[in-house]
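Read the structure below first, then the notes.
The values are calculated or read from the model by the stated rules, or taken from the named source; none is laboratory data. None of these values were measured; they are calculated from a predicted model. Note: ideal-geometry Cβ built from the backbone for every residue, glycine included; neighbour counts use all protein chains shown.
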Amino acid sequence: MSDCIFCKIAKHEIPCDAVYEDDDFLAFRDINPVAPTHVLLIPKQHVSSLLDEGAKAEMLGRMTALVPKLAEQLGIAADGFRLVVNTGKEGGQTVHHLHFHILGGRSLQWPPG
Ligand code: 5GP
Ligand code: ZN
């Protein structure tokens, strides 16, 4: 997707504050953090959302398994964190490239506002 901002970040065409990278995934700090730690985890391959048929179970499993490792690395595992996957219009998704929000570093309320 040539006009997708997260594809451009994945290809290092747009800079980001990366915290983790491997062949298939990239994690970087959100440009507009809503918690002291706010990291986005994306597949490098363009998948528009959880509803995309490209969102395969095997990929989602590996992506999800990275979350506790990242939480440890970011220092938010001990006190806990929130994993958010906004999906579609009513889910509040604004960037149409699948991403996990990993939020921590303060006490988060539920339900969110
Ligand atoms: P969504 O609302 O789609 O779930 O979340 C998109 C997130 O991407 C937002 O939290 C927004 O701040 C973040 N974001 C949008 N553009 C950029 C960017 O260019 N760089 C970074 N680091 N984050 C971005
Ligand atoms: Zn993309």
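Being of a type in the set (D, E, K, R), within 11 Å of ligand 1 (Cβ to nearest atom) and surrounded by fewer than 13 Cβ atoms within 10 Å (Cβ to Cβ) is the filter here; which residues of segment 14-35 pass it?
17
Condition first: among the polar types (S, T, N, Q), within 13 Å of ligand 1 (Cβ to nearest atom) and within 12 Å of the chain's Cα centre (by Cα). Can you find one or more residues in segment 55-69 that meet it? There is no residue in segment 55-69 that is among the polar types (S, T, N, Q), within 13 Å of ligand 1 (Cβ to nearest atom) and within 12 Å of the chain's Cα centre (by Cα). Only a single item in (1) modelled with pLDDT of 95 or more; (2) more than 8 Å from ligand 1 (Cβ to nearest atom) is not met by residue 6, and it is number (2). Number of residues in segment 83-113 that are in contact (Cβ under 8 Å) with a residue 40 or more places away in the chain and either surrounded by 15 or more Cβ atoms within 10 Å (Cβ to Cβ) or charged (D, E, K, R) (or both): the value is 13. Only one entry in 46, 38 is out of contact with any helix residue (DSSP H, G or I) (no Cβ under 8 Å at 6 or more places or on another chain), in contact (Cβ under 8 Å) with a residue 40 or more places away in the chain and crowded, with 17+ Cβ neighbours inside 10 Å, namely 38.
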